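Sharing a structure, written as structure tokens. Questions coming.
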Amino acid sequence: MSIIVNSLEKMNITKIKQAKNQYKLTVITAYDALFAKLFEKSADMILVGDSLNMSFAGKKDTLSATLEQMIYHTNAVCAGAKNAFVITDMPFATYINKDEALKNCAKVYQETNASAVKIEGGEDRADIIKHLTSNSIAVMGHIGLMPQYVRSEGGYKVRGKTKDDEEQLIRDAIAVEKAGAFAIVVEGVMSDVAKKITQAVNIPTIGIGAGKDTDGQVLVWSDMLGFFEEFKPKFVRHYLSGATLIKNAVEQYRVDVQTQNFPNKEEEY
């Protein structure tokens, strides 16, 4: 399988679906214009994740993210990465039934340039996904470990450890596909089960903590670049020691200020 270079030609639903079994899709989160612009060239899709409430608002889970927050950050990302395929995470309680889901997803479409929305849930949310896709809303599904279920499930638990759970996850994926989703995030699932899920559907699966046999991968950018120091999930690879680099740079700035090394003559008017 060859490496496909992102030409900055805007991705679309057809291209995403055609990627299955052809090349691996690269997905990363972003929450602002600055980082979205930096990620645009390499990412096939940018996810405005409700993870922002944990990474940047200091919350213990994603449940407090609001629709207004997600719209604000989606607009920022779209402004920075004008050619990107941007997906908005629909926050907790914004799709509790078909009518609420359509109203809130339509608001995202009307007030942002998001290309799609993402919704957590399998068979239990298939009717909602179907209602959205039947009304011209592009939906990415999300099964397995679902952060919005963390309180009802008693924590973050790896899925697919039993035969019954494996079979449920496959049913979830098939139901989400039949409902019209164009892709599915598969999170926190045993790698052998994630492979079976990927083989069971004709749309791309995007893994996070689900092994290498999914059709693509997604990571939270502050995890991937080493900015989040509280803990490192097993599935995260640090591609940069971001927190260390930032702290060292700011410390050097402090030293330069105190020693009057900054600003110098070239930095004065």
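The values are calculated or read from the model by the stated rules, or taken from the named source; none is laboratory data. All figures in this text were calculated on a predicted structure; none of them were measured in a lab. Glycine gets a Cβ as well: all are built from the backbone with ideal geometry, and neighbour counts include every protein chain shown. Ligands, DNA and RNA are excluded from the accessible area calculation, which covers all protein heavy atoms including side chains. Shrake-Rupley method; radii C 1.70, N 1.55, O 1.52, S 1.80 Å.
Considering only segment 1-32, how many residues are open to solvent by 40 Å² or more (accessible area, probe 1.4 Å) and either farther than 23 Å from I137 by Cβ or modelled with pLDDT of 95 or more (or both)?
The total comes to 20.
Look at A243 and say whether it is assigned to a helix (DSSP H, G or I), closer than 19 Å to A126 by Cβ, among the small types (G, A, S) and open to solvent by less than 30 Å² (accessible area, probe 1.4 Å).
The answer is no for A243.
Scan segment 33-63 for residues that are closer than 22 Å to G141 by Cα and free of Cβ contacts under 8 Å to residues at least 12 places away in the same chain and report the count.
The qualifying residues number 1.
I184 is checked against (1) under 16 Å from G121 (Cα atoms); (2) over 19 Å from the mean Cα position of the chain (by Cα) and fails just one. What number does that condition carry?
Of the numbered conditions (1) under 16 Å from G121 (Cα atoms); (2) over 19 Å from the mean Cα position of the chain (by Cα), the odd one out for I184 is (2).
Please determine, by comparing only the residues of segment 107-144 that are within 17 Å of T88 (Cβ to Cβ) and in a loop (DSSP other than H, G, I, E, B), which one is most open to solvent (accessible area, probe 1.4 Å).
N113
Are there helices (runs of 4 or more DSSP H) fully within segment 1-101 with at least 3 residues that are under 16 Å from the mean Cα position of the chain (by Cα)? List them.
Passing ranges, in order: 33-39, 52-55, 67-80.
Let me ask something else. Given A249, A194, which one is crowded, with 21+ Cβ neighbours inside 10 Å and either more than 28 Å from E166 (Cα to Cα) or small (G, A, S) (or both)?
The conditions single out A194.
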